[in-house]
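*Asks:* Below you'll find the structure I mean.
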Amino acid sequence: MSSSVLIFTKYSNGSASIGYEDYGVDSFDGSYFEVTYNLDKKNFKLLKRSLNVNPHKDIESALIEKFGKNFDSLKFENHCNDFDIDYEKYVHID
(Lines give C-alpha, C1' and ligand atoms only; values in the text may rest on other atoms or scores of the structure.)
Protein backbone atom coordinates (compact mmCIF):
# COMPACT_ATOMS: atom_id res chain seq x y z
CA MET A 1 0.00 0.00 0.00
CA SER A 2 1.16 3.53 -0.79
CA SER A 3 -0.07 6.42 1.29
CA SER A 4 -0.13 9.96 0.12
CA VAL A 5 0.42 12.88 2.39
CA LEU A 6 -2.30 14.99 3.87
CA ILE A 7 -4.59 16.69 1.34
CA PHE A 8 -5.80 20.08 2.54
CA THR A 9 -7.82 22.72 0.72
CA LYS A 10 -9.02 26.00 2.18
CA TYR A 11 -11.80 27.72 0.27
CA SER A 12 -12.44 31.44 -0.14
CA ASN A 13 -15.71 31.16 1.82
CA GLY A 14 -13.79 30.05 4.94
CA SER A 15 -14.63 26.35 4.69
CA ALA A 16 -12.04 23.60 4.16
CA SER A 17 -11.57 19.99 3.11
CA ILE A 18 -9.06 17.68 4.77
CA GLY A 19 -8.23 14.11 3.88
CA TYR A 20 -5.90 11.58 2.31
CA GLU A 21 -5.64 9.02 -0.49
CA ASP A 22 -4.22 5.49 -0.37
CA TYR A 23 -3.24 3.46 -3.41
CA GLY A 24 -3.00 -0.32 -3.62
CA VAL A 25 -4.99 -1.01 -0.45
CA ASP A 26 -4.73 -4.76 0.20
CA SER A 27 -8.09 -5.02 1.98
CA PHE A 28 -9.74 -3.52 -1.12
CA ASP A 29 -7.94 -5.78 -3.66
CA GLY A 30 -5.34 -3.14 -4.47
CA SER A 31 -7.87 -0.37 -5.03
CA TYR A 32 -7.65 3.38 -4.62
CA PHE A 33 -9.14 4.67 -1.34
CA GLU A 34 -9.90 8.34 -0.64
CA VAL A 35 -11.28 9.93 2.53
CA THR A 36 -12.26 13.60 2.68
CA TYR A 37 -13.70 15.58 5.56
CA ASN A 38 -15.55 18.77 4.63
CA LEU A 39 -15.87 21.46 7.28
CA ASP A 40 -17.97 24.58 6.92
CA LYS A 41 -16.58 27.95 7.97
CA LYS A 42 -17.79 27.70 11.57
CA ASN A 43 -16.41 24.21 12.13
CA PHE A 44 -13.12 24.92 10.38
CA LYS A 45 -12.70 27.86 12.74
CA LEU A 46 -13.42 25.53 15.68
CA LEU A 47 -10.82 23.07 14.37
CA LYS A 48 -8.17 25.77 14.09
CA ARG A 49 -8.95 26.93 17.62
CA SER A 50 -8.77 23.35 18.96
CA LEU A 51 -5.31 22.99 17.35
CA ASN A 52 -4.14 26.35 18.74
CA VAL A 53 -3.60 27.73 15.24
CA ASN A 54 -2.96 31.44 15.21
CA PRO A 55 -1.90 33.79 12.39
CA HIS A 56 1.73 32.79 12.96
CA LYS A 57 1.14 29.03 12.69
CA ASP A 58 0.39 27.23 9.44
CA ILE A 59 -2.79 25.11 9.60
CA GLU A 60 -1.26 22.36 7.43
CA SER A 61 1.69 22.05 9.80
CA ALA A 62 -0.68 21.87 12.76
CA LEU A 63 -2.72 19.13 11.04
CA ILE A 64 0.40 17.08 10.27
CA GLU A 65 1.72 17.61 13.80
CA LYS A 66 -1.54 16.38 15.37
CA PHE A 67 -2.72 13.71 12.90
CA GLY A 68 0.47 12.65 11.09
CA LYS A 69 1.66 13.20 7.52
CA ASN A 70 -0.42 10.20 6.35
CA PHE A 71 -3.40 11.57 8.30
CA ASP A 72 -4.84 9.34 11.02
CA SER A 73 -8.56 9.61 10.27
CA LEU A 74 -9.67 7.88 13.47
CA LYS A 75 -7.61 10.29 15.54
CA PHE A 76 -9.10 13.20 13.54
CA GLU A 77 -12.67 11.96 14.07
CA ASN A 78 -12.08 11.48 17.82
CA HIS A 79 -10.57 14.96 18.05
CA CYS A 80 -13.58 16.47 16.27
CA ASN A 81 -15.96 14.59 18.57
CA ASP A 82 -14.06 15.78 21.65
CA PHE A 83 -14.33 19.43 20.52
CA ASP A 84 -17.88 19.25 19.06
CA ILE A 85 -16.63 19.91 15.52
CA ASP A 86 -19.05 18.81 12.81
CA TYR A 87 -17.90 17.57 9.41
CA GLU A 88 -19.20 15.74 6.38
CA LYS A 89 -17.23 12.60 5.56
CA TYR A 90 -16.75 11.42 1.99
CA VAL A 91 -15.24 8.00 1.22
CA HIS A 92 -14.45 6.84 -2.30
CA ILE A 93 -13.12 3.40 -3.26
CA ASP A 94 -12.19 2.72 -6.87
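*Asks:* Within straight cross-link reach of Lys69, meaning Cα distance under 18 Å, which lysines are found once same-chain residues fewer than 8 apart are removed?
*Replies:* Here the lysines satisfying the reach criterion relative to Lys69 are Lys10, Lys48, Lys57.
*Asks:* Excluding residues on the same chain fewer than 8 positions from Lys89, give the aspartates and glutamates whose Cα lies under 13 Å from its Cα.
*Replies:* Leaving aside aspartates and glutamates fewer than 8 places away in the same chain, those within reach of Lys89 are Glu34, Asp40, Glu77.
*Asks:* In terms of solvent-accessible area of protein heavy atoms at a 1.4 angstrom probe, what is the ranking of Val35, Val53, highest value first?
*Replies:* If we order Val35, Val53 from most to least accessible, we get Val53, Val35.
*Asks:* Could you calculate the contour length gain from Glu77 to Phe8, that is, 0.36 nm times the residue separation minus the distance between their Cα atoms, to one decimal place in nm?
*Replies:* Computed gain between Glu77 and Phe8 is 23.3 nm.
The values are calculated or read from the model by the stated rules, or taken from the named source; none is laboratory data. These figures come from a predicted structure and were not determined experimentally. Side chains included, ligands, DNA and RNA excluded: accessible areas come from the protein's heavy atoms. Shrake-Rupley method; radii C 1.70, N 1.55, O 1.52, S 1.80 Å.
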